[in-house]
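Participant: To start, I am sharing the structure in question, which I have written as structure tokens.
Values quoted throughout were computed directly from the atomic coordinates according to the rules given, and no laboratory measurement underlies them. What you are looking at is a predicted structure, and each value in this text was computed from that prediction instead of being measured. When we count neighbours, we look across all protein chains shown, and the Cβ atoms used for this are built from the backbone with ideal geometry, even at glycine.
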Amino acid sequence: MSRRWGWALALLLPVLCAAAFRRALPASMAAGENTDFATFYSPVAHRILAGDGITTESGAVAMRAPPGYPLLLAAALAVGGAAGFSDARSMDLLTFLCIGLSSLLLYLFARDLFSGWLALAPSLAYATYPLGLWLTRQPSSEVPFTTLLFACAWLAWRLTRGERPHWALAAVLGALAGAAMLVRPIGVFMPLVLGALVLLLAAKWPARTRALAAAAIVAASALVIAPWEVHVSRAAGRFVLLSDGGVPSMRDGLTFAVNASKGRAPIWVPDGVRTVMISFLAQYDQLDSYGAIARAGAKEFAAHPGGMIGLAALKLARAWYGTDSQRLDRYILLLQLFYIAALAWAMRMAWRAGGERRRLAIIAGAFLLYFWGMSVLALPLVRYMVPAIGLAFLVLPAAVERHRLA
């Protein structure tokens, strides 16, 4: 397969698959269960276009989520409006552009290790992954965030393969990590993950050089988010880390099975877990800060250690299949078991192959663990894991390659 065909297929495959998925999806399923777009992202984007800044309808600073996605939407609406497109078409074009670029990044990444059709395998897996397609049925901040995540992973790969550090590349990597943080707050510790990967994988560099490169990545990301941090913290009268959505999400993650006000389908949980969830729900309004949540968690662990351990285990599992509505969980679990088994096998094969393939497994595994941990800290939803799973598709060719050699 020629390089030109590889580029074309990598770009077009996910777009065609997403378009076909949308056409095949019943109208009743086309609207998402998550209302963040209609209630927050779209209104803020239109206020940006109107010259009102990153604000809510009341005129207050819009801090429920970072400003990256509303700014991207506003740019897409401005460009699409100038071209005569409707708002819906403009946002669709942003979605298709992002998924095409994400797939291309996977191909460029895989091409460093695998040849021919094997280099295209991660893009094909990404283009046909049902949960990834599900996120494209409507505008979603996960889609551009995935593009930024893949770009960060690829640049980290390129940076750490060099005989010596490329400081401009480290700065760009940090800036992209900062941009990812501004699109989705789950990326808040991504610069630290990238810095740790540099310390671990750039073995050819002196230890001091590795430490400086890791620090440069963190510093560049801090510079990118600094203007927003100053602005939002001044508006709130307190320090705000990216957004004020972290505490509500963590609080929701402690009560999701017993909080009837959220409109979720009932699910079974062990009695001990239900007991601690009911206790957290009883003090829901008092859990208004990270410190309050930590204190309540410590108190609950002292009173019901088994229930707290069970809650942690439940969240660890649900991060791979849980939904906000809790209505499709069992079906997603069955689907995910196939993908988890395939990725676990491919990771094992890549690790056993050693060398560059092991380095690839380390990068993919590091981000899987990071997003798994962040999802467990908050409300455990599988959509938080989808970007990292897409990145982990990079190891799939290693399993096929190993099978051929065997």
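Participant: When Lys and Arg each count +1 and Asp and Glu each count -1, what net charge do the other residues less than 13 Å away from Leu194, Cβ to Cβ, add up to? Provide the component values of the computation, followed by the final result.
Facilitator: Working: positive: Arg158, Arg210; negative: none.
Net charge around Leu194: +2.
Participant: Something else about it: Using DSSP to call loops (not H, G, I, E or B), can you name the trypsin sites (Lys or Arg not before Pro) in the range 140-233 whose Cβ has at most 16 other Cβ atoms within 10 angstrom? Walk me through the numbers on the way to the answer.
Facilitator: Numbers: sites: Arg158, Arg161, Lys204, Arg208, Arg210; in loops: Lys204.
Hits after loop and neighbour filter: Lys204.
Participant: Could you give the dipole magnitude of the range 1-140 about its Cα centre, charging the beta-carbon of Lys and Arg +1 and that of Asp and Glu -1, in debye to the nearest 20? Write out the running numbers ahead of the final one.
Facilitator: Numbers: 9 positive and 7 negative charges, 95 e Å.
It comes to approximately 460 debye.
Participant: Still on this structure, I have one more. For the range 1-140, what is the convex hull (Cα atoms) projected area averaged across all directions, in square nanometres? Working shown, then result.
Facilitator: On the way: hull surface 39.8 nm².
Average of the hull's projected areas for the range 1-140 equals 9.9 nm².
Participant: For the range 137-257, build the convex hull from the C-alpha positions and give me its volume per residue in Å³. Walk me through the intermediate numbers first.
Facilitator: Values: hull volume 16.6 nm³, N = 121.
Per residue, the Cα convex hull of the range 137-257 comes to 137 Å³.
Participant: Which of Leu328, Leu72, Phe338 sits closest to the plus end of the dipole of the chain, meaning its Cα is farthest towards the positive end, when Lys and Arg get +1 and Asp and Glu get -1 on the C-beta?
Facilitator: Phe338
Participant: Here is a further query. For the range 256-266, just list the computed ³J(HN,Hα) in residue order, Karplus coefficients 6.51, -1.76 and 1.60, θ = phi - 60°, integers in Hz, with x standing in for Gly and Pro.
Facilitator: Per-residue couplings from phi come out as 4, 8, 10, 8, 5, 5, 7, x, 8, 5, x Hz.
Participant: Okay, moving on. State, as an integer percentage, the relative contact order of the range 1-140 based on alpha-carbon contacts under 8 Å between residues 6 or more apart.
Facilitator: 37 percent
Participant: What percent does the relative contact order of the chain come to when contacts are Cα pairs within less than 8 Å and at least six residues apart?
Facilitator: Details: 534 pairs, mean separation 68.3, N = 406.
About 17 percent, as a whole number.
Participant: What's the longest piece of the chain with no exposed chymotrypsin sites (Phe, Trp or Tyr not before Pro), counting a site as exposed if DSSP puts it in a loop and it has at most 11 other beta carbons within 10 Å?
Facilitator: Values: sites that count: Phe239, Trp268.
Longest stretch, sites excluded: 1-238.
Participant: Taking GluC sites (Glu not before Pro) as candidate sites, keep only those in a DSSP loop with at most 14 other Cβ atoms within 10 Å, then name the longest stretch of the chain containing none of them.
Facilitator: Working: sites that count: Glu33, Glu57, Glu163.
Longest gap between qualifying sites, sites excluded: 164-406.
Participant: While we're on this one: Describe numerically, in nm with one decimal, the distance between label points set 7 Å from Cα along Cα→Cβ at Glu163 and at Gln286.
Facilitator: Rounded to a tenth, the inter-label distance reads 6.4 nm.
Participant: Under 1.5 on a/c is rounded, so check that first for the chain, then, if it is not, pick prolate when a/b is larger than b/c and oblate when it is not; a ≥ b ≥ c are the square roots of the alpha carbon gyration tensor eigenvalues. Walk me through the numbers before you get to the answer.
Facilitator: Working: a/c = 1.32, a/b = 1.21, b/c = 1.09.
Since a/c stays below 1.5, the shape of the chain is classed as rounded.
Participant: How do Thr136, Thr55 line up, fewest other C-beta atoms within 10 Å first?
Facilitator: Numbers: Thr136 22, Thr55 17.
Lowest to highest Cβ neighbour count: Thr55, Thr136.
Participant: Taking a ≥ b ≥ c as the square roots of the eigenvalues of the Cα gyration tensor of the range 274-398, is the shape rounded (a/c under 1.5), prolate (a/b larger than b/c) or oblate?
Facilitator: prolate
Participant: Ignoring everything except DSSP H segments at least 4 long, calculate the 222 nm mean residue ellipticity for the chain; use -39,500 (n - 2.57) per segment, divide by total residues, nearest 500. If you can, show how the numbers build up before the last one.
Facilitator: Values: 19 runs with 279 residues, N = 406.
Per the formula, -22500 deg cm²/dmol.
Participant: Toward the positive end of the charge dipole of the chain, about the Cα centre and with charges on Cβ (Lys, Arg +1; Asp, Glu -1), which of Trp351, Leu25, Ala312 goes farthest?
Facilitator: After comparing all options, I get Trp351.
Participant: Roughly how many debye, to the nearest 20, is the charge dipole of the chain about its Cα centre, given +1 on each Lys and Arg Cβ, -1 on each Asp and Glu Cβ, and no other charges?
Facilitator: Details: 36 positive and 20 negative charges, 263 e Å.
Result for the chain is approximately 1260 debye, rounded to the nearest 20.
Participant: If you don't mind, another one. Given axes a ≥ b ≥ c from the Cα gyration tensor, I'd like to know whether the range 88-144 is rounded (a/c under 1.5), prolate (a/b larger than b/c) or oblate. Could the numbers behind the result be given before it?
Facilitator: Values: a/c = 3.20, a/b = 2.13, b/c = 1.51.
Prolate.
Participant: Same structure again: Which ³J(HN,Hα) values, rounded to whole Hz and listed in residue order, are derived for the range 5-20 from phi using the Karplus coefficients 6.51, -1.76 and 1.60 in 6.51 cos²θ - 1.76 cosθ + 1.60 with θ = phi - 60°, glycine and proline given as x?
Facilitator: Coupling constants for the range 5-20: 5, x, 4, 4, 5, 4, 6, 8, 3, x, 5, 5, 5, 5, 5, 5 Hz.
Participant: Could you calculate the contour length gain from Arg238 to Trp117, that is, 0.36 nm times the residue separation minus the distance between their Cα atoms, to one decimal place in nm? Walk me through the numbers before you get to the answer.
Facilitator: Working: separation 121, 0.36 × 121 = 43.56 nm, distance 5.26 nm.
Stretched fully, the Arg238-Trp117 segment lengthens by 38.3 nm.
Participant: Can you work out the Karplus-derived ³J(HN,Hα) for every residue in the range 103-112? Use 6.51 cos²θ - 1.76 cosθ + 1.60 with θ = phi - 60°, whole Hz, and x for glycine or proline.
Facilitator: Residue by residue, the range 103-112 yields 5, 4, 4, 4, 5, 4, 5, 5, 5, 5 Hz.
Participant: Could you put Val79, Val230 in order, starting from the residue whose Cβ has the fewest other Cβ atoms within 10 Å? Spell out each step's value before the answer.
Facilitator: On the way: Val79 13, Val230 10.
Going from least to most buried by this count: Val230, Val79.
Participant: Hey, another quick one. Alpha carbon centre of the range 183-208 versus the range 43-84: separation in Å?
Facilitator: Taking the Cα centre of each part, the range 183-208 and the range 43-84 sit 31 Å apart.
Participant: Select from Ala119, Ala342, Ala180 the residue whose mean-square fluctuation is largest in a Gaussian network model of the chain (Cα-Cα springs shorter than 10 Å).
Facilitator: Ala342
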